Every structure is written in C-alpha cells, then in structure tokens.
1. Any residue in the range 90-98 that is of a type in the set (A, V, I, L, M), touching a strand residue (DSSP E or B) at 6+ places or on another chain (Cβ under 6 Å) and crowded, with 16+ Cβ neighbours inside 10 Å?
2. Six or more apart or on different chains, Cβ under 8 Å: which pairs go from a residue in the range 59-78 that's under 9 Å from C35 (Cβ atoms) and part of a strand (DSSP E or B) to one that's β-branched (V, I, T) and open to solvent by less than 40 Å² (accessible area, probe 1.4 Å)? Could you list them?
3. Residue check: is G52 touching a Lys or Arg at 6+ places or on another chain (Cβ under 9 Å) and part of a loop (DSSP other than H, G, I, E, B)?
4. Any idea which of (1) closer than 12 Å to M159 by Cα; (2) touching a Pro at 6+ places or on another chain (Cβ under 7 Å) is the one V80 doesn't satisfy?
5. Please work out which one of (1) surrounded by fewer than 20 Cβ atoms within 10 Å (Cβ to Cβ); (2) modelled with pLDDT under 85 is the condition A102 fails and give its number.
6. Answer with yes or no whether G52 is open to solvent by 20 Å² or more (accessible area, probe 1.4 Å), without any contact (Cβ under 8 Å) to a residue 24 or more places away in the chain and over 14 Å from R172 (Cα atoms).
7. When only residues in the range 140-170 that are under 13 Å from the mean Cα position of the chain (by Cα) and in a loop (DSSP other than H, G, I, E, B) count, which is nearest to V99 (Cα to Cα)?
8. I need a count of the residues in the range 144-169 that are in contact with a helix residue (DSSP H, G or I) (Cβ under 9 Å, 6 or more places away or on another chain) and either open to solvent by 40 Å² or more (accessible area, probe 1.4 Å) or free of Cβ contacts under 8 Å to residues at least 40 places away in the same chain (or both).
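The values are calculated or read from the model by the stated rules, or taken from the named source; none is laboratory data. Given the structure is predicted, the values throughout are model-derived calculations rather than measurements. Cβ atoms come from the backbone with ideal geometry, glycine included; neighbour counts cover every protein chain shown. Please note that ligands, DNA and RNA were not included when accessible areas were found on the heavy atoms of the full protein model with its side chains. Shrake-Rupley method; radii C 1.70, N 1.55, O 1.52, S 1.80 Å.
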Amino acid sequence: MRKRPLIAAALAALFVSGGLVACDEPRVDALQASCATKDLKWQVTVLEKKSGSLHRDGRLSAVNTGGHECVFRGYPEFRVHVGKGPQADGVGHGRGRPVSLASGAGVVVDLRYRDAEKGAPYPADCLVSSGHAVVAAPRDADHGTAAPVRDEKGEEVDMDVCDDVVHMGPPRAAAG
C-alpha cells in the first residue's frame with residue numbers, strides 16, 4: 001500500500017525534472033517586470049532580397065536601455081504606415097516565449113513581408129514607409145514609438161510592403 005504514493009511521487013518528480021530539462025529558454029520569474037517600450041532602443045533592419053523571391057526578410061531588434069532586468073513577454077506591436085493612410089500590421093507566427101533581458105541585452109524578431117518585384121510596375125496594394133516603423137513592447141499600453149528602418153549597411157531605407165501583414169517569427173534573445 002505504501003508503494004503507490006512513493007511511485008506517484010517519483011513519477012511526478014521525473015515528469016517535472018524532464019520538463020525543465022526539455023525547455024530551451026531559461027526560466028523566467030513571473031514576478032519580473034515586463035519590458036516597457038520607453039526602456040527599449042528599437043531598430044528595423046531590411047535584409048538583402050534573395051533573387052527571384054517575392055518576399056523580403058527583415059529583423060526587428062530591441063535593446064534594454066533601462067536600468068533593470070525586464071521580460072519581453074510575447075510578440076511586439078509592429079506597424080508600417082504611410083502618414084495617416086494605409087498600414088501593414090505585424091502578426092506573430094509560432095509560440096512566443098518570454099525572453100529575459102538584462103540591462104544592455106537585446107531581443108530579435110524575424111520579419112517577412114511581400115515586397116515589390118524589381119523592374120515590375122508598382123502594385124496598387126504596396127505602401128512605402130517613411131523610413132521608420134511604429135513599435136511597442138508586448139503588453140505595453142504605450143501607443144508605440146518610431147523605430148528607424150535601415151539596411152544591412154546601416155543606411156536609412158524605406159520598407160516597400162505589398163500586403164497588409166508583416167509576418168513575425170517568435171522573439172529570441174540576441175546573440176552576443
């Protein structure tokens with residue numbers, strides 16, 4: 001009769017420890033503060049377009065410039081618009097796990113969107129950003145801040161977004 005509770009406890013311990021080993025992200029304390037838009041330095045990098053592709057890849061990055069560690073909990077708000085006119089919104093794909101950011105640490109979100117074909121007439125559903133995107137930290141009531149859009153060389157560029165959606169990959173800790 002005593003063997004059953006011991007077996008159940010051993011199985012529960014094995015299950016819990018196996019779950020912790022299987023996680024690829026470090027544990028994030030639920031009591032840590034969420035990152036605030038104002039404490040992050042944002043940038044969008046437009047990557048070189050692959051030949052023959054209708055899509056363009058990019059990268060949204062943010063660095064914690066605040067004085068304390070914070071947690072990036074999910075997908076950020078992301079939008080590109082032309083003045084007060086049409087806009088394309090970021091939509092997260094995949095499971096966004098929390099990323100703990102020490103002061104000075106960064107997070108990266110991969111972007112993919114439909115771009116205008118080189119040499120083809122400019123499609124009517126395309127919009128061109130004015131050198132920035134509007135971003136906000138996940139779960140932040142802030143209405144967003146401007147993030148500069150640059151190419152891989154650091155030069156200011158516009159984003160030619162030919163759709164109303166910019167696909168976002170799950171946030172991950174920046175390398176280095």
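1. no
2. A62/V107; A62/V135; V71/V99; F72/V99; F72/V107
3. Spelling it out, it is not the case that G52 is touching a Lys or Arg at 6+ places or on another chain (Cβ under 9 Å) and part of a loop (DSSP other than H, G, I, E, B).
4. All conditions are met except number (2).
5. Every condition holds for A102 apart from (2).
6. So G52 passes the test.
7. P170
8. 1
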